[in-house]
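This report refers to the structure that appears directly beneath it.
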Amino acid sequence: MAAAVAEIPQAILPYVAKWQVREPEMRVAQVFCPPERLLRFLAWGALLHELREALFELSTAQIIAVKSGWWAEEMLALSRGAPRHPLTHALAGVDAPWPDLARAILQFLGDDERRADSAQAISALLPLARSVAAVEGALFTAEESDDAARALAIHWLWQRLPQGLDAEDRARIPMHLFARHALSPAALVAGEGLPLLRDWAAELSAALPKALPDSAFPARARVRFDQARLDRLAAGQSFGEPPALGTLWRAWRAARAG
């Protein structure tokens, strides 16, 4: 493992660090990644973080369009063997459906509509998630599946919490939950909506596939970590990282499942 870590390009480390601040469980998961796949694991995870930030988390629609458009162009450049970003340089040479991902990014732009219920909120993300899952499968020589795409869509939804609550899309929380709790978006932002957030987490947890045995290691780890986070939130606990021993157990099980 030490030799594999030594081969990680310095240029990607700031992006990896930013990703793992947001998803600290992945620091544990990387311990169980085969050394020959570690660079790809880190670069791909950091790239997904950059794409999520560009598509969902920037301050204005104009900035989102510019940044996401740049990443779509970068996916096309990667498919031609001419990547420009350190993360895409680290992933170069893999035969993956990068052009399909570029198209999916562009088609998704501007979709900030709030959906009526949880099924619609998840379904709205599936076309983009399927394109991402197809690339992930190619990168890690794993089967892509609709369950993997569904798990990724749910991952994006819970990752909008809590920072996305005061964004235009209200973290994509569906409208039926506001109606059920007779709560306005402003009241939720003000911290009055813990029961609503518990229900949202419970619905996402129920919709999350319980295991992805044929998927790539990042997907297998992600789904186990997400299940733990959502179950904690549904039980009224904090958004914070679960206890370290549980994370270690889930990372080990994700590695063994493959």
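Quick note: the coordinates plus some simple rules give every number you see, no bench work behind them. All values reported here derive from a predicted model rather than from experimental measurement. Note that each Cβ is placed from the backbone with ideal geometry, even for glycine, and that neighbours are counted across all protein chains shown.
Miscellaneous remarks
- When the convex hull of its Cα atoms is viewed from all sides, the range 167-258 shows a mean projected area of 6.6 nm².
- Computed [θ] at 222 nm, deg cm²/dmol, the chain (DSSP H ≥ 4; -39,500 (n - 2.57); rounded to nearest 500): -18500 deg cm²/dmol
- Charge dipole magnitude, Cβ of K and R +1, D and E -1 - the chain, Cα centre, debye nearest 20: 500 debye
- Listed peptides 120-133, 74-87 by packing density, highest first (mean Cβ within 10 Å): 120-133, 74-87
- Over all pairs of different C-alpha atoms in the range 1-98, the reciprocal of the mean inverse distance, the Kirkwood hydrodynamic radius, equals 14.2 Å.
- Gyration tensor (alpha-carbon) shape descriptor, the range 64-161, a/c threshold 1.5: oblate
- Axis of helix 38-52 versus longest Cα principal axis of the chain: the two differ by about 40°, to the nearest ten degrees.
- Between the range 150-174 and the range 180-258, the alpha-carbon centres lie 12 Å apart.
- Using equal-weight Cα scatterers in the Debye expression, the normalised intensity of the range 27-78 in log10 at q = 0.14, 0.16, 0.29 Å⁻¹ is -0.47, -0.57, -1.03.
- Note: the range 146-221, Cα convex hull, 93 Å³ per residue.
- A simple packing score, the average count of other Cβ atoms within 10 Å per residue, orders the peptides 245-253, 198-206 as 198-206, 245-253, with the highest score first.
- The alpha-carbon atoms of the chain define a convex hull whose volume equals 114 cubic angstrom per residue.
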